[in-house]
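> Here it is, the structure in full.
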Amino acid sequence: MTQKLRWGLLLLALLAVPVCSLLTGPLALSWSALWQAPDPMTATVLWQIRLPRILLAMVAGAGLALCGALLQNCCRNSLADPYLFGVVSGAALGATLHQLVLPHWPGALAFSAFAGSSLAILLVLVISRLGSGQRLETLLLCGVAISFLFSALSSALLYISEPFAANRVMFWLLGSLAQASYADLQLSVPLLLVLLAVSLLFRRQLDALLLTDESARSLGVPVTALRLMLLLGCAALTAVIVACCGGIAFIGLMVPHLVRRLFGLSSIALVLGATGLGAVFLLAVDTLSRSAFPSQELPVGVLTSAIGSVFFFSLVLRQKL
């Protein structure tokens, strides 16, 4: 299969999957509902419930996949992603604190998630510098350790909190798009577009980061500044996604690997492919999560974790680790 055909199929999926998702759910709709004047209940389901959920799923999937691709390039490690790097658990801890302590300040939710993810990034950088700071493997290991630490703190907060508040936060932490709204898109879409534009603008520098730091510096790349800028950009976008959707794992790990196999290793192919394939993947999984059972909905984070675990094991076996 040629590269042009693969890009064409991805573009087709970006058009077809949202339409199929719009018509799929507990209330099954026909194709005619999209161009005929629907009754008030059908119009509400289509344009006030399903459409913002579809758009948010695509934005969240694209953002997490893009962050995973950038982190893997920055660290020159194919196992890096926002979840394993501690960014998601940091954002989840900040958002959990907000939900339990300041639930009546909805405007501060994204800020709390960003503060938690930024703290995770800061701790990873500081601890890795105290150890073998020049080794990128140390950066990733510190991220895994911070991820477990912040997840433990979130669990402890839920354990000691009031039961009803804990139940509310627990479903949100598992990852869900059930509460999607157009207001969520106002936060996430601008950040996604900015990070995508920065990634394309610095595509040559991203290619250089795949070499050693010394080689990249010899080509005029400000390695430390670029890496810090990308880390903070990924932290900001991941924080907003976690604030809107909860913790959705493994998309940043799986999608960049698939993109490299399908579209090549160049940064521009990786960035564009990860953005498009991530959007299609999360939307497809969310459609399955809300339509697999007629009477209830599975948290989308449960399905992505299950799929991601199998994918992770296949990577380990393939690399004979």
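The values are calculated or read from the model by the stated rules, or taken from the named source; none is laboratory data. Here the structure is a predicted model, which means the values were calculated and not measured. With ideal geometry, Cβ positions are generated from the backbone for all residues, glycine too; neighbour counts draw on all protein chains shown.
> Please enumerate the residues belonging to segment 25-55 that are buried (at least 16 other Cβ atoms within 10 Å of the Cβ), at pLDDT 85 or above and of a type outside the set (A, V, I, L, M).
Arg50, Pro52, Arg53
> Which residues, taken from segment 282-321, are among the hydrophobic types (A, V, I, L, M, F, W, C), farther than 24 Å from Ala13 by Cβ and not in a helix (DSSP H, G or I)?
Answer for segment 282-321, where residues must be among the hydrophobic types (A, V, I, L, M, F, W, C), farther than 24 Å from Ala13 by Cβ and not in a helix (DSSP H, G or I): Phe293, Leu321.
> Look at Gln72 and say whether it is surrounded by fewer than 19 Cβ atoms within 10 Å (Cβ to Cβ) and modelled with pLDDT of 85 or more.
For Gln72, the condition - surrounded by fewer than 19 Cβ atoms within 10 Å (Cβ to Cβ) and modelled with pLDDT of 85 or more - is not met.
> Right, next: Look through segment 263-321, keep the residues that are among the charged types (D, E, K, R) and free of Cβ contacts under 8 Å to residues at least 12 places away in the same chain, and return whichever of them is surrounded by the fewest Cβ atoms within 10 Å (Cβ to Cβ).
Only one residue fits best here, namely Lys320.
> Given the options Arg129, Arg76, name the one that is free of Cβ contacts under 8 Å to residues at least 40 places away in the same chain, of a type in the set (Lys, Arg) and over 26 Å from Ala183 (Cβ atoms).
Among Arg129, Arg76, only Arg129 is free of Cβ contacts under 8 Å to residues at least 40 places away in the same chain, of a type in the set (Lys, Arg) and over 26 Å from Ala183 (Cβ atoms).
> Let me ask something else. For the structure I just gave you, tell me whether Leu70 is without any contact (Cβ under 8 Å) to a residue 60 or more places away in the chain, closer than 22 Å to Leu282 by Cβ and either among the hydroxyl-bearing types (Ser, Thr, Tyr) or assigned to a helix (DSSP H, G or I) (or both).
no
> Within the set of pairs 6 or more residues apart or between chains, which connect a residue that is more than 19 Å from Ile127 (Cα to Cα) inside segment 85-101 to a residue that is among the aromatic types (Phe, Trp, Tyr) and surrounded by fewer than 24 Cβ atoms within 10 Å (Cβ to Cβ) with Cβ atoms less than 6 Å apart?
Nothing qualifies.
> Quick one: which residue in Ser188, Ser181 is of a type outside the set (A, V, I, L, M, F, W, C) and surrounded by 20 or more Cβ atoms within 10 Å (Cβ to Cβ)?
Criteria check complete, one pass: Ser188.
> Right, another one. If I ask for residues that are over 20 Å from Arg290 (Cβ atoms), among the hydrophobic types (A, V, I, L, M, F, W, C) and free of Cβ contacts under 8 Å to residues at least 40 places away in the same chain, which ones from segment 167-201 would you list?
Across segment 167-201, the qualifying residues are Ala183, Leu193, Val194, Ala197, Val198, Leu201.
> Continuing with the same structure: Could you pull out the residue among Phe281, Phe293, Phe250 that is more than 20 Å from Gly68 (Cβ to Cβ) and either under 13 Å from the mean Cα position of the chain (by Cα) or not polar (S, T, N, Q) (or both)?
Criteria check complete, one pass: Phe293.
> If Ile241 satisfies every condition in (1) closer than 26 Å to Leu51 by Cβ; (2) assigned to a loop (DSSP other than H, G, I, E, B) but one, which is the exception?
Ile241 satisfies all of (1) closer than 26 Å to Leu51 by Cβ; (2) assigned to a loop (DSSP other than H, G, I, E, B) except (2).
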